[in-house]
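A.B. asks: First the structure, then my questions, so here it is.
The values are calculated or read from the model by the stated rules, or taken from the named source; none is laboratory data. Everything numeric here is computed off the predicted structure, so don't read it as measured data. Ideal geometry is used to build each Cβ from the backbone, glycine not excepted, and the neighbour counts take in all protein chains shown. Quick note on the areas: whole protein, heavy atoms, side chains included, nothing else; ligands and nucleic acids left out. Shrake-Rupley method; radii C 1.70, N 1.55, O 1.52, S 1.80 Å.
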Amino acid sequence: MEGVDEVVAALQGGDQAEIYKHLQSFNTQHAQTFGFPELQQDQRKDLVSAILEVLNKDMQPSCHATCLSTIRILSRDKASLQFLAKPPCVTTLLKHAGMDGAEAVVELPEDEVMAEAEKCLCNIIFTSPTAQRLCSSNGCVEGVAGRLKCISDPHLSYDVKIFAVRLTFLLTALCIDIRQRLQVEFNAPALLLSAMEHTLGVENNSTLGTLEGVVLTDEQVDLLSEILKTMFNVTLTGQARQLDEEELERYKQMTAVCRYMLMCRASSETKQEELHSHTINLMTNMPRSCLGEVIVRQGERGVGTEYDGWNMDAIMTILDFLERRIDQNKRLLETLTPVLTCLIAISRANRNIRKFLRTKVLPPLRDVESLPQEGCKLRNKCVRLMTCVVTEVKETAAEFLFVLCKENVDRLVKYTGFGNAAGLLAHRGLLAGGPSSGQDNYSSGDEESDTEEYLVAKDKINPVTGRVEPDRPNPLEEMTEEQKEHLFMQLASDFDKLTREGIVKPTMIGSDGRLHVVEGGVAEMVARAQTPPPDHSDNEEDDPNE
């Protein structure tokens, strides 16, 4: 490749001015280059070796920063990784990033040099499994932990902070052993919580109880987003293991900080959406016993959304976020599953939150003429998700509505129609009705809450569709008995043919509430149908407070 030989010669010459001049020209020329197919492997090797030799010499920070910029550009090229992902290169980069050991934070390089080294490490570790393995045993973990302790240091530049956290995110996402070491040996959740509080300016706990957030700069949002992503990685096991008292208090504090961030505003809708998305993702990792911290007492000021003495602004923010994501209708698995999972968790964790969410998502029925999935209200949108083609979204949306109904089958069918609820009921073995296994986890003692419109039309509502069906002419009315019999025989013959050819399999609901194939065909179906079903009558009525 033309020009590379001259760059290598300048590097080997040792003159800082020449090195800076040639590398600066190379970096400018290839600022947007992501591959060097014309570069020979020998040239790659010579260039990397020459740059590392300069980086290991005592030279001006500007010269080192320019060398690191060249490494960063080369790290985009996969063919160069075999030379960059080796111990000499990774160790040199860690040294210039100030992350080559626990004591590396005592004397740090210049911020410009550290930031460039961190960028190089991010690129190399993201692409190279070899580099990921190296970082498990070369002091990188100690160095990263040391840098996280310094996020609150006002002398560190913004670039150094954000790329240090991004590097930590990559290591915890790609290397399970590093994630576990940061969790256990270095208490990474506490370090990241401290960094988050410092970035928000809420080191004083009393600030977290306020009903209004602040306006955040773009830099704050970007740094908080990286911290939240990393915090998500290091708290993945928070729900699966027994936590001690100190850890529980920390998780409660995290949830309180999450509530505060949901109250904060960004400079643009895009930035605010990004912050709220990462905040909601983190909340899905919080233990159920800590999720009550997402609401605070309303107090005497009377601002915001109040329910039963509690401020529900954070919950409304999550609901609004859900509705926007539904309306966007993009990448449903990534955009909807986390927020629905979060809403399920907080609904199960706190009775007041569940009752409030029910008033917003499943208010007392008034429109009994329309299908539950038709319309622009949040209830209609959530019911539509129950038949989404993305299985995870379909199941999570159904679970959310089921929890709001206190896992009561009749109540779920009332609000969604049996057709929309059938998937969840089949999965849980509840097609035959009856109480669910989780129903005992909710309070009882409901009162009447049905609207007049619903009570008038209750007996006319089709439970399968969830609405009062419009009058339609009976197609059998004008037929003679002979014609009806002929039609029925033809239908039976067609159905029998489909069954024999294996195109359809007749099923019935078994005693376990699940669908079972009927091997005996129509005769067995008729025999089973004549058996009276079990009585699962539910005298429980709805309560506006439940």
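A.B. asks: From the list Asp77, Asp58, Asp42, exactly one residue is surrounded by fewer than 21 Cβ atoms within 10 Å (Cβ to Cβ) and either touching a residue at least 40 places away in the same chain (Cβ under 8 Å) or aliphatic (A, V, I, L, M) (or both). Which is it?
C.D. replies: Just one listed residue meets the conditions, Asp77.
A.B. asks: If you don't mind, another one. Which of the residues belonging to the stretch 492-514 are open to solvent by less than 100 Å² (accessible area, probe 1.4 Å), among the hydrophobic types (A, V, I, L, M, F, W, C) and over 30 Å from Ala457 (Cα atoms)?
C.D. replies: Once the filter is applied, which keeps residues that are open to solvent by less than 100 Å² (accessible area, probe 1.4 Å), among the hydrophobic types (A, V, I, L, M, F, W, C) and over 30 Å from Ala457 (Cα atoms), the stretch 492-514 yields Ala492, Phe495, Leu498, Val504.
A.B. asks: Something else about it: With outside any helix (DSSP H, G or I), over 19 Å from Ser128 (Cα atoms) and basic (Lys, Arg) as the only criterion, which of Lys21, Lys57 stands out?
C.D. replies: Lys57
A.B. asks: Looking at Leu200, Leu182, which is the one that is touching a Phe, Trp or Tyr at 6+ places or on another chain (Cβ under 9 Å) and either open to solvent by less than 20 Å² (accessible area, probe 1.4 Å) or of a type in the set (Val, Ile, Thr) (or both)? First the steps, then the outcome.
C.D. replies: Numbers: Leu182 fails: touching a Phe, Trp or Tyr at 6+ places or on another chain (Cβ under 9 Å).
Among Leu200, Leu182, only Leu200 is touching a Phe, Trp or Tyr at 6+ places or on another chain (Cβ under 9 Å) and either open to solvent by less than 20 Å² (accessible area, probe 1.4 Å) or of a type in the set (Val, Ile, Thr) (or both).
A.B. asks: I'd like the full set of residues that are modelled with pLDDT of 95 or more and polar (S, T, N, Q), limited to the stretch 286-321.
C.D. replies: Thr317
A.B. asks: Name the helices (runs of 4 or more DSSP H) wholly inside the stretch 300-394 in which the number of residues that are among the acidic types (Asp, Glu) and out of contact with any Phe, Trp or Tyr (no Cβ under 8 Å at 6 or more places or on another chain) is 3 or more.
C.D. replies: 313-328
A.B. asks: Would the stretch 353-361 turn up any residue that is more than 30 Å from Pro189 (Cα to Cα) and either of a type in the set (Phe, Trp, Tyr) or surrounded by fewer than 16 Cβ atoms within 10 Å (Cβ to Cβ) (or both)?
C.D. replies: Yes, the stretch 353-361 contains at least one residue that is more than 30 Å from Pro189 (Cα to Cα) and either of a type in the set (Phe, Trp, Tyr) or surrounded by fewer than 16 Cβ atoms within 10 Å (Cβ to Cβ) (or both).
A.B. asks: Looking at Arg250 and the list (1) in contact (Cβ under 8 Å) with a residue 12 or more places away in the chain; (2) surrounded by fewer than 20 Cβ atoms within 10 Å (Cβ to Cβ); (3) farther than 27 Å from Ile344 by Cβ; (4) out of contact with any Asp or Glu (no Cβ under 8 Å at 6 or more places or on another chain), which single condition is not satisfied?
C.D. replies: Result: Arg250 fails condition (3) only.
Here is a yes/no grid of residues against (1) in contact with a strand residue (DSSP E or B) (Cβ under 7 Å, 6 or more places away or on another chain); (2) modelled with pLDDT under 95; (3) within 19 Å of Leu200 (Cβ to Cβ):
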{"residue": "Ser137", "(1), (2), (3)": "no, yes, no"}
{"residue": "Cys140", "(1), (2), (3)": "no, yes, no"}
{"residue": "Arg147", "(1), (2), (3)": "no, yes, no"}
{"residue": "Asp153", "(1), (2), (3)": "no, yes, yes"}
{"residue": "Leu156", "(1), (2), (3)": "no, yes, yes"}
{"residue": "Arg166", "(1), (2), (3)": "no, no, yes"}
{"residue": "Leu171", "(1), (2), (3)": "no, no, no"}
{"residue": "Ile176", "(1), (2), (3)": "no, yes, no"}
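A.B. asks: Does any residue of the stretch 77-92 turn out to be out of contact with any helix residue (DSSP H, G or I) (no Cβ under 8 Å at 6 or more places or on another chain) and assigned to a helix (DSSP H, G or I)?
C.D. replies: For the stretch 77-92, residues out of contact with any helix residue (DSSP H, G or I) (no Cβ under 8 Å at 6 or more places or on another chain) and assigned to a helix (DSSP H, G or I): present.
A.B. asks: Follow-up question, since we're still on this one. Gln16 is checked against (1) within 19 Å of Leu134 (Cα to Cα); (2) open to solvent by 10 Å² or more (accessible area, probe 1.4 Å); (3) not acidic (Asp, Glu) and fails just one. What number does that condition carry?
C.D. replies: (1)
A.B. asks: Name every residue in the stretch 456-471 that is out of contact with any strand residue (DSSP E or B) (no Cβ under 8 Å at 6 or more places or on another chain), of a type outside the set (A, V, I, L, M, F, W, C) and open to solvent by 40 Å² or more (accessible area, probe 1.4 Å), in order of residue number. Give the derivation first.
C.D. replies: Just the residues of the stretch 456-471 that are out of contact with any strand residue (DSSP E or B) (no Cβ under 8 Å at 6 or more places or on another chain), to begin with: 456, 458-459, 463-466, 470-471.
Subsequent filtering for residues that are of a type outside the set (A, V, I, L, M, F, W, C) retains 458-459, 463, 465-466, 470-471.
Lys458, Asp459, Pro463, Pro470, Asp471 - these are the residues of the stretch 456-471 that are out of contact with any strand residue (DSSP E or B) (no Cβ under 8 Å at 6 or more places or on another chain), of a type outside the set (A, V, I, L, M, F, W, C) and open to solvent by 40 Å² or more (accessible area, probe 1.4 Å).
A.B. asks: Please verify whether the stretch 102-112 includes one or more residues that are modelled with pLDDT under 95 and of a type in the set (Val, Ile, Thr).
C.D. replies: Within the stretch 102-112 (the criterion being modelled with pLDDT under 95 and of a type in the set (Val, Ile, Thr)), the answer is yes, since at least one residue qualifies.
A.B. asks: Can you name the residue in the stretch 434-454 that is open to solvent by less than 90 Å² (accessible area, probe 1.4 Å) and not in a loop (DSSP other than H, G, I, E, B) and is also modelled with the lowest pLDDT among such residues?
C.D. replies: Here the residue is Gln439.
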